[in-house]
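A short write-up of the structure that comes next.
Just so it is clear, none of the values below were taken in a lab; they were calculated from the coordinates. What you see is a predicted model, and the numbers here were worked out from it, not measured in a lab. Here the Cβ is made from the backbone with ideal geometry for all residues, glycine too, and neighbour counts use every protein chain on show.
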Amino acid sequence: MAQQGLLSRQIYEQIRARILRREFAPGMKVTYRQLAEQLGVSRVPIGEAIRQLEREGFIVCTPRGIYINHLTVRDVEEVFDMREMLEGLSCRLFVAVATPADLELLKGYADEWERLLDKGRFDLAQEVNVRFHAHIAKRTPYPYLAQVIETLLLRARMIGVKTFGDKKGDWHRERWGHYAILDAIAAKDPERAETVMRQHIRFGKEDIITAMLKEGLK
């Protein structure tokens, strides 16, 4: 049973990675047979992986088949509004436990994020962004909070890659956010840390919705 569970987890991670890389595009239909052939496994472990992906909102199972979730503006609002509330709290809590090593690690993520943006690698920059935000959440004393935030971050990453995969711009508001968060944490100011984190996430939501509406997505 343990081996079966490990295999299901590996399959889940492989399918999720393909969704995040847009190898499985939003709205695309997939089948058990297709996945089994591509991943070289039987249908049994795929079932649990599919159920987990459905619980997390990456796919939608209907009587007509299994589809990669197509996100709407309302979905973006929900994901980012939840992120704003929960990550604001996690950042406030993080201030009390943050160490110089934490700050050094987070600054490294922020610097790497900028370098990747300058190279036009938004897909990889999104991965680094997830690490930045997830580290803050994981260092709080509430593991369930961190788990929920990590799921929301993965959804946000899927939204961001879909919307901004080819975006070129100065990223002024996004660049400001990570370093402003670090400054507030270094100053041991929990109220400012929460406020800046919430504003940072709100800016991201506004930019994504603006881009979606320009593309005619609702």
Which of H200, H133 has the fewest Cβ neighbours within 10 Å, and the rest in rising order: H200, H133
Inter-site label distance for W176 and R43 at 7 Å from Cα along Cβ, in nm: 5.4
Separation in nanometres of the label points that stand 7 Å from Cα toward Cβ, at D111 and D123: 2.6
Kirkwood Rh in Å, taken over all unlike Cα pairs in the stretch 1-150: 17.5
Label point distance in nm, Y142-A187, each placed 7 Å from Cα along Cα→Cβ: 2.4
Over 31 Å between alpha carbons, listed pairs K138/K218; K29/K214; K138/K214; K29/K119; K29/K205; K107/K205: K138/K218; K138/K214; K29/K119
Mean projection area, nm², convex hull over Cα of the stretch 2-68: 4.2
Given charges at beta-carbon only (K, R positive; D, E negative), |dipole| of the chain in Debye: 660
Extension gain (nm, one decimal) between E150 and Q34, 0.36 nm per residue minus Cα-Cα: 38.9 nm
Exposure proxy order (Cβ contacts within 10 Å, fewest to most) of I15, I209: I209, I15
Sorted by Cβ density within 10 Å, fewest first, the residues S90, S8, S42: S42, S8, S90
Förster radius 25 Å - calculated FRET efficiency between V60 and H135 (Cβ-Cβ, nearest 0.05): 0.25
